[in-house]
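Below: the structure, in structure tokens.
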Amino acid sequence: MTDSSWLVDTNVLLRLVQPDSDEYGAIRRCTDLLWTRGADLFYTFQNLAEFWNVCTRPPERNGVGFSIAEIDRRASLIESKFTLAPDSPACYREWRKIVVAAEVSGVQVHDARLVAAMHVHKIRNLLTLNAGDFLRYDEVTAVSPQDLLIKIS
């Protein structure tokens, strides 16, 4: 994989299925522009599990409230447009190294898991709404869709 490889964070995937969200327009323009430029956009099993969780949770519990049929349709759309960076024993070993070396604890262990998958699959770039959460990982370039649009437009 090259520098044109991007892991797409769950928060970005979620906005892609919510056209009424404030970030939808920028995210859609960003992903379309990356694909036009030949970029490979990836997701992990963790991304899709988190996506399913939020999309099937009721709105009163900070979810989207999709039915199983609707989330299945939307998850299938992600699977058809993005490439899976699969879990493997190598991803697990890399994650273990990262959490110990970077002294990761609490909810940040999930971000470390994404970084581990990026290392194993040689994906350097991360498209996320929470770029600050990845500052500790020098080998990862985490960029918000808005910032990326400014850089590549």
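The table that follows gives values for the structure above.
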| item | result |
| --- | --- |
| Failed condition for Trp35, given (1) over 17 Å from Leu126 (Cβ atoms); (2) in a helix (DSSP H, G or I); (3) out of contact with any helix residue (DSSP H, G or I) (no Cβ under 6 Å at 6 or more places or on another chain) | (1) |
| Residues of segment 92-118 satisfying the condition of being under 19 Å from Ala142 (Cα atoms), assigned to a helix (DSSP H, G or I) and out of contact with any Phe, Trp or Tyr (no Cβ under 9 Å at 6 or more places or on another chain) | Glu94, Trp95, Val99, Gln108, His110 |
| Residues of segment 119-136 that turn out to be free of Cβ contacts under 8 Å to residues at least 40 places away in the same chain and in contact with an Asp or Glu (Cβ under 8 Å, 6 or more places away or on another chain), as a count | 5 |
| Top-ranked residue in segment 30-57 [being closer than 13 Å to Asp3 by Cα and of a type in the set (A, V, I, L, M); ranked as surrounded by the fewest Cβ atoms within 10 Å (Cβ to Cβ)] | Ala39 |
| Among the residues listed as Arg74, Arg15, Arg28, Arg37, the single one being free of Cβ contacts under 8 Å to residues at least 40 places away in the same chain and of a type in the set (Lys, Arg) | Arg28 |
| Ser144 within 13 Å of Asp9 (Cα to Cα), free of Cβ contacts under 8 Å to residues at least 40 places away in the same chain, out of contact with any Gly (no Cβ under 6 Å at 6 or more places or on another chain) and not aromatic (Phe, Trp, Tyr) | yes |
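Laboratory data are not the source of any read-out in this text; all were calculated from the coordinates shown. Quantities reported herein were computed from a predicted structural model and do not represent experimental measurements. Every residue, glycine among them, receives a Cβ derived from its backbone with ideal geometry; neighbour counts consider all protein chains shown.
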